[in-house]
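To start, the structure itself, in structure tokens.
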Amino acid sequence: MKTYFAPRMFDGNQMVLNRLIHTSEKQIEKVEDTTLSIPELEQQGVSILQGLLVPGFIDLQINGGGGMQFNHTPTPECLHTMFNAHAATGTSAMFPTVITDDIDVMKQSADAVAQVRAEGIQGIAGVHFEGPHLSDSKKGMHEGKHIRPLSQEEMAVYCRKDMGQVIVTIAPETVSGEQIRQLVSHGIIVFLGHSNASAEQANEALSAGAIGFTHLFNAMSGFTGRAPGLVGSAMASADAYAGIIADMIHVNPISLQAAYRALGSHRLFMVTDAMAPSASRHTSFNYGDDTICLKDGKLLTSNGNLAGSVLTLVEALQNAHFKAHIPLQECLKMLTSTPARAANIHQKFGAIKPGYANAMLVLDEHLTVLPIP
């Protein structure tokens, strides 16, 4: 058992002062307020934290990190590397993301996630299959040769019960409402993305059980007065979630502000869409037959298209607060409690409460991660 004193703490919902947090190795045991002075606490062996204590960040869309790409190396070793690299930047729970690929890569990825979870790595909370049931016209960096309809072979992978929570991103014009209902009936979370669907098609998918949108604004039908598209459907929805890549490359700060004002911090959450070079010094990686290179902060394919990001969630926090001027408490919700609810892991992650994972970090005034003693 170890006890910490946090003069300032964000508990997943609000800022609070002067809290004692009692922890065991894997979980938070007790949280209480205190009026004891710091010298009195130190005499009791309490560790005094400097800065703002917050829950560990949660990333629902993370393709690589530490120099490794999950699709390219769908192994437990890759997941260990990705997790350790991003954990050093504040991410405590992640959904390794499998980009559109053949069925063998999907099965190998599922096996790898199942193995690391069996090893007890609670930070690998599940898996996100981003495709292959997407729109070819909005495929982005996804390889068109692997885009295909949803068949029973993919369904069997998604329905495995040894991978934690499963998230699947689909294009609603390629996956029927009945298929979405089938996915949801198995406990699978369905997001909409890489789609040229109309707002009406998106709304039908939401009615069938989809709950959100993958990397809002990017690789989806845009918003106009006569054709609201996926963006309009997301903005108008009363309860759908949306992830957003707050690297100030995929979205303009004004776009981030607009999304925040439309959806609020209870429905908008930040993702990295991180690729292999993220949280590392690597500057390129192989994807299919192409080499993706980092140039001026952007990951670009050989033909100049954006190919994910090198973002970390702590950088997303800094961008949202200092560049998009979103209040800090609201930014923190979009990194902790909101993605936890969106991914159905809110009983274990996203808050500093008894029974939750011992996954906390301290931020200084520049919102950089400090070590916890």
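The values are calculated or read from the model by the stated rules, or taken from the named source; none is laboratory data. Nothing here was measured: the structure is a model prediction, and the numbers come from that model. Note that we place each Cβ from the backbone using ideal geometry, even for glycine, and neighbour counts take in every protein chain shown. Note: areas computed on protein heavy atoms with side chains; ligands, DNA, RNA excluded. Shrake-Rupley method; radii C 1.70, N 1.55, O 1.52, S 1.80 Å.
Counting only residues 5 or more places away or on other chains, whose amide H sits under 5 Å from the amide H of residue 169 once H atoms are built in the peptide plane?
Under 5 Å from the amide H of residue 169: 129, 130, 131, 191.
Add +1 for every Lys or Arg and -1 for every Asp or Glu among the other residues with Cβ under 14 Å from the Cβ of residue 77, and state the total.
Neighbour charge sum, excluding residue 77 itself: -2.
Just to be sure I understand the curve: with the Debye formula and one point per C-alpha of the chain, what is log10 I(q)/I(0) at q = 0.12, 0.14 Å⁻¹?
-0.85, -1.15
Tell me, what are the semi-axes, in whole angstrom and largest first, of the equivalent ellipsoid of the stretch 190-334 as set by the roots of 5 times the Cα gyration tensor eigenvalues?
Here the semi-axes work out to 26, 20, 12 Å.
Relative to the compact globular guide of 2.2 N^0.38 Å, what is the alpha carbon radius of gyration of the stretch 228-301, as a ratio?
1.35
Looking at the stretch 300-342, what % of the alpha carbon pairs are farther apart than 17 Å?
Looking at the stretch 300-342, the distances longer than 17 Å represent 46 percent of pairs.
Where Lys and Arg each count +1 and Asp and Glu each count -1, what net charge lies around residue 166 among other residues with Cβ under 13 Å from its Cβ?
Cβ neighbours under 13 Å give a net charge of 0.
What is the count of Lys pairs in the chain whose alpha carbons sit under 24 Å apart, if the two are 8 or more places apart or on different chains?
24
Would you be so kind as to identify which of 187, 238, 319 lies farthest towards the positive end of the dipole of the chain, taking Lys and Arg as +1 and Asp and Glu as -1 on Cβ and the Cα centre as origin?
238
Probe of 1.4 angstrom, ligands and nucleic acids ignored: what's the accessible area per residue over the stretch 256-373, in square angstrom?
On a per-residue basis, the stretch 256-373 sits at 42 Å².
What is the spin-label model distance, in nm, from residue 44 to residue 77 if the labels are put 7 Å beyond Cα along the C-beta direction?
4.8 nm
Between residue 104 and residue 18, take the C-beta separation as r, use R0 = 45 Å, and let me know the FRET efficiency to the nearest 0.05.
The computed FRET efficiency comes out at 0.25.
Quick one: the Cα spread of the stretch 1-144 along its three principal axes, in angstroms, biggest first?
Principal extents (Cα only, largest first): 63, 32, 23 Å.
Give me the percent of accessible area attributable to carbon and sulfur for the stretch 280-359, probe 1.4 angstrom.
Of all accessible area on the stretch 280-359, carbon and sulfur atoms account for 46 percent.
Could you please state, rounded to a whole Å, how far the C-alpha centre of the stretch 44-76 is from the C-alpha centre of the stretch 170-244?
28 Å
For the chain, set up a GNM with springs between Cα atoms under 10 Å and report which of 247, 296, 136 has the largest fluctuation.
Fluctuation is largest for 296.
To the nearest 20 debye, what charge dipole does the chain have about its Cα centre, counting +1 at the Cβ of each Lys and Arg and -1 at the Cβ of each Asp and Glu?
So the magnitude is around 500 debye.
So who's got an amide H within less than 5 Å of the one on residue 19, skipping anything under 5 residues away but keeping other chains? H placed 1.01 Å off N, in plane.
Amide H neighbours of residue 19: 6.
Starting at the first residue of the stretch 349-357, write each ³J(HN,Hα) from the Karplus equation 6.51 cos²θ - 1.76 cosθ + 1.60 with θ = phi - 60°, in whole Hz, x for Gly and Pro.
Whole-Hz 3J(HN,Hα) from phi for the stretch 349-357: 10, x, 8, 10, 9, x, x, 7, 4.
Please work out how much length the chain gains when fully extended from residue 176 to residue 136, using 0.36 nm per residue of separation minus the C-alpha to C-alpha distance, in nm with one decimal.
12.8 nm
Once you put a point 7 Å from the Cα of residue 186 and another 7 Å from the Cα of residue 119, both along the Cβ direction, what distance in nm separates them?
Between residue 186 and residue 119, the simple spin-label model gives 2.6 nm.
Taking the stretch 23-72, how much of its Cα-Cα pair set, in percent, is spaced more than 18 angstrom apart?
Beyond 18 Å sits 58 percent of the P(r) for the stretch 23-72.
Using a 1.4 Å probe over the heavy atoms of the protein chains, calculate the carbon and sulfur portion of the accessible area of the stretch 93-136 as a whole percent.
The computed percentage sits at 40.
Bin by bin, in steps of 10 Å, what percent of the Cα pairs in the stretch 150-227 do you find, going until the bin that has the longest distance?
Result returned by the calculation: 19, 51, 24, 5, 0.
May I ask for the longest run of the chain untouched by trypsin sites (Lys or Arg not before Pro) that are loop-located per DSSP and have at most 12 neighbouring C-beta atoms (other than their own) within 10 Å?
In the chain, the maximal stretch lacking such sites is 27-160.
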